[in-house]
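The values are calculated or read from the model by the stated rules, or taken from the named source; none is laboratory data. Just so it is clear, the model here is predicted, and its values are computed rather than measured. Cβ: placed from backbone, ideal geometry, glycine included. Neighbour counts: every protein chain shown. All accessible areas refer to the heavy atoms of the entire protein, side chains included, with ligands and DNA or RNA removed. Shrake-Rupley method; radii C 1.70, N 1.55, O 1.52, S 1.80 Å.
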Amino acid sequence: MSQKFTAQAILEREYLPVRAKIIEIASALDRIDRATGGPPDDPRGKQIQTALELLLENGPDRAERVQLLFSRHYDETWPATLQMPNR
Amino acid sequence: MYYIDPHIHMVSRTTDDYETLAKMGCVGLSEPAFWAGYDRGSVDGFRDYFRQLTDFESRRAAIYGIQHFTWLCINAKEAENVELSRDVIAMIPEFLNAKGVLGIGEIGLNKNTRNEAIVFLEHIDLAMKTNEQILIHTPHLEDKYQGTRMILDMLISDNRIERHRVLVDHVEEHTIRPVLEAGFWAGMTLYPVSKCTPARAADMVEMYGPERLMVNSAGDWGPSKPTAVPDFILEMRRRGHGEELIRRIVYDNPLTFFGQSRNFDFQAPC
């Protein structure tokens, strides 16, 4: 299904909301840096950094790729792993 | 525009919310059974809950011209208690012929455990034996992708299931494609923080089209917005989409899906 507007028109509409969201992220990262205790040893910090890098990549499916980055791995052998009863 | 919210937990909402929904154009809604915020201790606790869903809520909704429908199950969060789950599943048929009961739901997974999967499969068995439609909850946040794929594995491996009679809910960008490609219905839940926003839901409509796709508020006792479906309608209009397309997502599609349930006796507004 095609978009009703040009890329330029969508940029016009989205510019201020995107700008605001980027500033929110920047200020949240600053908040973590300002806090006591040094950089947290937490894999979620690296996850956020990787997600931000992913936004700079090209392609139409950034949202899907970010979602997968924040997702647990799916293993198709899960019925055996969980020892599911035979049906 | 008239609309139907296909997934909202009105037992957690006030009567004022019914009034607001009616003013916004809501003429029908469906309420799946879900977790109350605490684990219930007995099958009688569920029996009382099902009475509330099948009797009191429909009367409360009717005061504002909203037609109320419901789905019955024990939620995945309580499925670790397999013995209680089995007692509840055995009791559900007492209510399956009650007015407004559309099927079994919202069943699914929460933390993708063995017990959750076992209870999910036993709900499926009940639905197949009683010829009920199914409404499925997919897990939250980092568990969603894995859990959705596990749910699809279980559904697809059961050749009794008619896929057009199953709604897989709470899809997002990473789960919508496998659900639709497998032939199931998909629901997008509009939440303030987790799940999906009206803008992202509109994006997915633009990417995948309106076929077998619905939006809902899943309004409940947590952070949620019962008027989220009108927010989606506004977002679609701002993007220049026509009323016919919007109406298909928020009204026609729920009617088509729910219409496959024998207890769906919806009266269209004049």
Checklist line | chain B: relative contact order as a whole-number percent, Cα under 8 Å and 6+ apart | finding: 19
Next item on the list: Starting from the Cα coordinates of segment B:79-209, work out the convex hull volume and express it per residue in Å³.
Entry: 116
Margin query: With a 1.4 Å probe and all protein chains kept in place, how much accessible area does residue A:36 have, in Å² rounded to the nearest 10?
Written below: 140
Check: Given a 1.4 Å probe and every protein chain left where it sits, what share in percent of the accessible area of segment A:1-66 is carbon and sulfur?
Finding: 60
Notebook entry, point to check: Based on Cβ point charges of +1 for Lys and Arg and -1 for Asp and Glu, what charge dipole magnitude is obtained for chain B about its Cα centre, in debye rounded to the nearest 20?
Noted result: 400
Checklist line | Formal net charge of residues neighbouring residue B:95 (Cβ-Cβ distance under 9 Å; K, R +1; D, E -1) | finding: +1
Next item on the list: Can you send over the solvent-accessible area of residue B:164, 1.4 Å probe, protein chains only, in Å² to the nearest 10?
Entry: 80
Check: In segment B:107-127, what residues drop by 50 Å² or more in accessible surface going from the chain by itself to the full protein assembly, probe 1.4 Å?
Finding: B:114, B:121
Item checked: Phi-based couplings in Hz for segment B:90-101 (Karplus 6.51, -1.76, 1.60; Gly and Pro marked x) -> 5, 8, 3, x, 4, 10, 5, 9, 5, 4, x, 7
Checklist line | DSSP bridge orientation in segment B:80-172 - percent antiparallel, rounded to nearest 5 | finding: 0
Checklist line | the protein assembly as shown, Cα convex hull volume normalised per residue, Å³ | finding: 159
Checklist line | Cα extents of segment A:1-40 along the three principal axes, largest first (Å) | finding: 50, 20, 9
Next item on the list: For chain B, list log₁₀ I(q)/I(0) at each q in 0.08, 0.12, 0.17 Å⁻¹, using the Debye formula over Cα point scatterers of equal strength and ignoring solvent, two decimals each.
Entry: -0.28, -0.65, -1.43
Margin query: Give me, ordered by chain and number, the residues 5 or more places off residue B:215 or on other chains with an amide H under 5 Å from its own placed amide H.
Written below: B:188
Next item on the list: Quick one: which residues, 5+ away or cross-chain, put their amide H under 5 Å from the amide H of residue B:67? H built at 1.01 Å from N.
Entry: B:28, B:29
Item checked: Solvent-accessible surface (1.4 angstrom probe) belonging to residue B:15, in square angstrom, nearest 10 -> 50
Checklist line | Farthest positive-ward along the protein assembly as shown dipole, Cα basis, beta-carbon charges - from B:269, B:214, B:124 | finding: B:269
Notebook entry, point to check: Chains A and B: what accessible area do they bury, summed, in square angstrom to the nearest 100, with a 1.4 Å probe?
Noted result: 2500
